[in-house]
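Step one of this worksheet: look at the structure below.
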Amino acid sequence: MLKIAVVILNWNGEALLEKFLPSVTEFSKEADVYVADNASTDGSIAFLKKNYPGIGIVQNSSNGGYAKGYNDALPHIEADIYCLLNSDVEVTKDWLAPIIKEFNDNPLTSIVQPKILDYKNKTQFEYAGAAGGYIDKFGYPFCRGRIFNELEADNGQYNDVREIFWATGACLFIKADVFRELKGFDPDYFAHQEEIDLCWRAKNKGYKVYYVGESEVYHLGGSTLSSMNPKKTFLNFRNSLFSLVKNLPGPKVFPIILIRMVLDGLAALHFIVQGRFKHFWAIVQAHFSFYRNFRKIYKKREKDCYTGDYYLIKSIVWAYYINHVKNFNNLVKD
């Protein structure tokens, strides 16, 4: 029997815990449930102690964001499999059984995500993960069921088990020994795309990342930073560049980064046309932060980077904006 720990990271999320914990405690009998608290200043801890005395609490000394928050908390939790679950996720009956089966059946499977549907529209995929993550040649992420902001309806088209490139941090299962071997998340990311880096580093070492469509959860999304927040734009653009530097095969690093700079510039201009000047400035700041941190990040490069075709298609930007592909199954691999 695998020992599963569902670990919910919390920062001043008392209202979210009150709303979403009932489904987690009701439908997670196969697991131990923990809340890893990032030094909340609201009533989160008092609420948990009063209403959920059976839930384990790990109190971090500071708010280090998603990456450092889990890095600090997980060493205090004993388990074979960690489920890193956002505090704004509603889980469903028997959601754990297909996940556990995948880990038991396939020894190389080390990271898994379930189907992520929208809590506000439960027949539609949710932005953060949908039916499994991929990247294009230039590091731009997308998902089965979600390309940029285009979300597909769930019609059962992704009710399968499929190897993917990255699993969403909203609900990410990972073997505890693999998490330790990878030394956890990179805390320099703070939040956003640290799960892509983690999965890429796992693939560098020969581990497999899978999507299991029989398991469904509903994600509210935007509880930490909404898509309209320039801070999210900053973190997404900067952290994506970090991942390219850390994980691309050696000969590809600088050519890909140079092209990516141009594409990011076009994205910044697009924000100007839309009148979203704070997001334009966020991309500029992301690049300056990337330059300042380049040497530090480059030293973290893996000795044996993933040499296979890490990307699904060359350019999701071209596919979406030029070829007008809005559905994952219409993408043509190139």
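The values are calculated or read from the model by the stated rules, or taken from the named source; none is laboratory data. From a predicted model like this one, the values you see are computed outputs, not experimental measurements. Ideal geometry is used to build each Cβ from the backbone, glycine not excepted, and the neighbour counts take in all protein chains shown.
Observations
- Taking region 107-141 as the range and being among the basic types (K, R) and either touching a Ser or Thr at 6+ places or on another chain (Cβ under 9 Å) or part of a strand (DSSP E or B) (or both) as the test, the residues that pass are K115, K122, K137.
- Of all residues making up region 297-318, the number that are over 23 Å from the mean Cα position of the chain (by Cα) and outside any loop (DSSP other than H, G, I, E, B): 1
- Pairs where the first residue, in region 252-270, is under 14 Å from V317 (Cα atoms) and not assigned by TED's automatic domain parsing to the domain that holds Y291 and the second is hydroxyl-bearing (S, T, Y) and loosely packed, with under 13 Cβ neighbours inside 10 Å, C-beta under 7 Å, 6+ apart: none
- Filter result for G184 (of a type outside the set (S, T, N, Q), over 21 Å from Y82 (Cβ atoms), under 18 Å from the mean Cα position of the chain (by Cα) and not in a helix (DSSP H, G or I)): no
- Of everything listed in (1) touching a Ser or Thr at 6+ places or on another chain (Cβ under 9 Å); (2) not in a strand (DSSP E or B), the single unmet condition for F242 is (1).
- Listed by position, the helices (runs of 4 or more DSSP H) contained in region 12-105 that have at least 2 residues being out of contact with any Cys (no Cβ under 9 Å at 6 or more places or on another chain) and over 18 Å from F190 (Cβ atoms) are 14-27, 44-51, 96-105.
- Residue match in region 280-291 (condition: touching a Ser or Thr at 6+ places or on another chain (Cβ under 6 Å) and at pLDDT 95 or above): yes
- First in region 169-181 and at negative phi and in a helix (DSSP H, G or I), second anywhere and surrounded by 18 or more Cβ atoms within 10 Å (Cβ to Cβ) and aliphatic (A, V, I, L, M), Cβ under 7 Å, 6 or more apart: A176/A79; A176/I81; V178/A202; F179/L74
- Filter result (in a loop (DSSP other than H, G, I, E, B), in contact (Cβ under 8 Å) with a residue 60 or more places away in the chain and under 26 Å from V284 (Cα atoms)) within region 193-223: G221, S223
- Selection count where residues are buried (at least 18 other Cβ atoms within 10 Å of the Cβ) and either more than 20 Å from S23 (Cα to Cα) or at pLDDT below 95 (or both), scope region 40-57: 1
- Residue among N63, N86 that is out of contact with any His (no Cβ under 6 Å at 6 or more places or on another chain), under 22 Å from R180 (Cα atoms), surrounded by fewer than 20 Cβ atoms within 10 Å (Cβ to Cβ) and in contact (Cβ under 8 Å) with a residue 40 or more places away in the chain: N63
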